[in-house]
Amino acid sequence: MAVNAEMVRTMFTRIAGRYDLMNSLMTGGRHHAWRLVAAREAVSAPPGPVLDLATGTADLALAIRGLDPRRTVIGADFAEGMLRAAAAKPAVRAQRVPLLGADALALPFRDRAFAAVTSAFLLRNLEDLAAGLAEMRRVTRPGGRVVALEITRPGVPGWSQVFGLYFHRVVPAVGALVARDRQAYRYLPDSVDRFLTAPELSRLMATLGLRDVRCRRLGLGTIAVHTATV
């Protein structure tokens with residue numbers, strides 16, 4: 001099933017109020033540690049501002065600011081409900097993280113505007129993955145970093161089956177109970193099933209002109225942090 005941007009926008013706005021709670025329940029709270037890994041990659045970029053795409057409730061943007069308070073970190077998302085949920089967080093106000101609406105496929109920024117561009121759980125939701133990665137590359141300065149945190153199929157016999165059972169059976173049930181939205185949490189495992197494997201994503205990033213592409217696997221292989229240089 002192809003990704004429909006308007007469906008994705010509506011869905012994430014719909015679940016924004018329970019998004020953080022569901023992330024904590026689904027991952028046992030590990031999503032904060034995964035974002036911290038991505039944040040460390042971002043702050044290793046040269047000095048300059050950072051753009052956090054699909055910022056959601058701004059957890060990754062806040063992690064970056066926590067590691068490097070001198071950097072400007074802008075959070076951008078195309079789901080209005082997510083931006084409202086982020087803006088309501090006291091930490092976002094305290095850390096002075098600007099938030100704006102923006103489509104990852106047509107970013108409203110000039111070329112080479114940022115030292116790093118990050119995303120957490122964005123890429124699976126793009127109508128055009130190559131175009132989205134190309135936009136991330138376009139707005140990143142030479143020598144800067146593109147960092148992408150994503151869920152991925154673990155590819156380990158035995159564990160893959162357990163993960164699939166959990167993702168396809170347990171997660172939608174919890175989503176129905178907690179977020180009152182089984183459909184959104186059925187979309188989540190389906191989006192992972194149809195997405196590229198971690199090695200395939202690495203190859204695509206390299207094909208699009210990103211250099212020194214590296215991938216770090218976390219969460220028993222279910223999470224991948226891709227880092228590349230522009």
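When we screen S119, S191, S160 for residues that are in a helix (DSSP H, G or I) and in contact (Cβ under 8 Å) with a residue 60 or more places away in the chain, the only hit is S191. From the list G66, G48, G56, the lone residue that is in a loop (DSSP other than H, G, I, E, B) and surrounded by fewer than 17 Cβ atoms within 10 Å (Cβ to Cβ) is G48. For T227, the stated conditions hold: it is hydroxyl-bearing (S, T, Y) and more than 21 Å from S24 (Cβ to Cβ). Across the range 58-81, the number of residues qualifying as touching a strand residue (DSSP E or B) at 6+ places or on another chain (Cβ under 9 Å) and under 18 Å from R18 (Cα atoms) comes to 7.
Looking across A184, A198, one residue alone is touching a strand residue (DSSP E or B) at 6+ places or on another chain (Cβ under 9 Å) and either under 20 Å from H31 (Cβ atoms) or β-branched (V, I, T) (or both). It is A198.
Among residues of the range 168-209 being at pLDDT 95 or above and over 18 Å from the mean Cα position of the chain (by Cα), the one that is surrounded by the most Cβ atoms within 10 Å (Cβ to Cβ) is L208.
From (1) surrounded by fewer than 18 Cβ atoms within 10 Å (Cβ to Cβ); (2) farther than 26 Å from G143 by Cβ, pick out the condition that doesn't hold for D212. Among (1) surrounded by fewer than 18 Cβ atoms within 10 Å (Cβ to Cβ); (2) farther than 26 Å from G143 by Cβ, D212 violates only (2). Here A38 qualifies as crowded, with 21+ Cβ neighbours inside 10 Å and part of a helix (DSSP H, G or I). Under 6 Å between Cβ atoms, at least 6 apart or on separate chains: pull out the pairs that start in the range 75-89 with a residue that is under 17 Å from G132 (Cβ atoms) and in contact (Cβ under 8 Å) with a residue 12 or more places away in the chain and end on any residue that is charged (D, E, K, R) and surrounded by 23 or more Cβ atoms within 10 Å (Cβ to Cβ). From the range 75-89, the pairs are G75/D52.
Within the set of pairs 6 or more residues apart or between chains, which connect a residue that is farther than 25 Å from L129 by Cβ and touching a residue at least 24 places away in the same chain (Cβ under 8 Å) inside the range 41-55 to a residue that is assigned to a loop (DSSP other than H, G, I, E, B) and of a type outside the set (G, A, S) with Cβ atoms less than 6 Å apart? Here the result reads V43/D68, each pair linking the range 41-55 to a residue that is assigned to a loop (DSSP other than H, G, I, E, B) and of a type outside the set (G, A, S).
Look at the range 132-144: where a residue is more than 17 Å from F78 (Cβ to Cβ), no partner that is crowded, with 22+ Cβ neighbours inside 10 Å and acidic (D, E) sits 6+ places away or on another chain with Cβ atoms under 6 Å. Which one is nearest to T140 (Cα to Cα) among residues in the range 82-111 that are touching a Lys or Arg at 6+ places or on another chain (Cβ under 7 Å) and surrounded by fewer than 19 Cβ atoms within 10 Å (Cβ to Cβ)? Among them, the one singled out is D111.
Every residue, every condition in (1) under 23 Å from A88 (Cα atoms); (2) modelled with pLDDT of 95 or more; (3) in contact with a helix residue (DSSP H, G or I) (Cβ under 6 Å, 6 or more places away or on another chain); (4) charged (D, E, K, R), yes or no:
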residue: N23; (1), (2), (3), (4): yes, no, yes, no
residue: G28; (1), (2), (3), (4): no, no, no, no
residue: E41; (1), (2), (3), (4): no, yes, no, yes
residue: S44; (1), (2), (3), (4): no, yes, no, no
residue: L53; (1), (2), (3), (4): yes, yes, no, no
residue: L60; (1), (2), (3), (4): yes, yes, yes, no
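Within the range 15-32, the only residue that satisfies the criterion of being within 21 Å of A79 (Cα to Cα) and of a type in the set (K, R) is R18.
The values are calculated or read from the model by the stated rules, or taken from the named source; none is laboratory data. Since we're looking at a predicted model, the values are computed, not measured. As a convention, Cβ positions derive from the backbone with ideal geometry for all residues, glycine included, and neighbour counts pool all protein chains shown.
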